[in-house]
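Some notes on the structure that comes next.
The values are calculated or read from the model by the stated rules, or taken from the named source; none is laboratory data. Everything quoted here is computed from the prediction, not taken from an experiment. Please note: Cβ atoms are built from the backbone with ideal geometry, for glycine as well, and neighbour counts cover all protein chains shown. Keep in mind that these areas ignore ligands, DNA and RNA; they rest on the heavy atoms of the full protein, side chains included. Shrake-Rupley method; radii C 1.70, N 1.55, O 1.52, S 1.80 Å.
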Amino acid sequence: MNLHAELKAALEAVAEPGRAGPMQAYMRGQFVFLGVAAPQRRLAARGLLAGLKGVGAEVLLEHAQLLWQQPEREYQHVALDMLALHRRQLGVEHLPGLLGLARQRAWWDSVDGMAGIVGEVLQAERQRGGHAHAHMDGALRHGDFWLRRIAMLHQLGWRGDTDAAWLFDAALALAHEDEFFIRKAIGWALRDYARHAPTEVLAFATEHRQRLSPLSYREALKHQPP
């Protein structure tokens, strides 16, 4: 058996068809589901994905592309699990492939999962002394708003490693947009950084309140003291 046949068998063995309808409804009918909850999915696929240690980024991306082509949404989540597990095999030269995947069958679940993987790759690049954010400048200006969302969110969880100037500039660059997923991303990214630097985020949001959408402003300051 090959990896994909084994993954298919593993997921179908733990699928609960009764879950599929509610899962599809939660995603606004965008995708069909097998009915496998996230913990069961990770457990079922863990051993198979662990066997990919050291195969190299090109093989990982080929597997991810095949998984992305499967109709059931769980397979895209398995692809993201795989890429996250083996993220040390990925470098900035693989970002075009990762962003290309993110644009296919795009919705917030897969896009946000990819934003985390992209962020891990870029944080590793930054720690090696590379210019990490230069790789996100194109995504920030891209015509596909899902890539703009990835750019806005890629520093989530970086805390003290966050490039605050880049974050604030990105927030202002996208602040004029009406798209809900962009407005939400701006607020989420600012709120996340506020856990590390609440005073700086409060000052930024206050200064630019008229440029930020009410949603972005409200989300940014959600956990600030009154």
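Here are the numbers:
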| item | result |
| --- | --- |
| Rounded, prolate or oblate (a/c below 1.5 giving rounded, otherwise prolate when a/b exceeds b/c) for the stretch 86-216 by Cα gyration tensor | oblate |
| Estimated distance in nm for a label pair at Asp163 and His131, the labels positioned 7 Å out from Cα along Cα-to-Cβ | 0.9 nm |
| Charge context of Met23, other residues only, Cβ under 14 angstrom, K/R +1, D/E -1 | 0 |
| Top of Arg148, Arg128, Arg105 by mean-square fluctuation, Gaussian network on the chain, Cα under 10 Å | Arg128 |
| Residue-averaged 222 nm ellipticity for the chain, from DSSP H runs of 4+ at -39500 (n - 2.57), nearest 500 | -19500 deg cm²/dmol |
| Probe 1.4 Å, accessible area per residue of the chain, Å² | 49 Å² |
| Ratio of Rg to Rh over the stretch 1-146 (Cα coordinates, Kirkwood Rh, two decimals) | 0.98 |
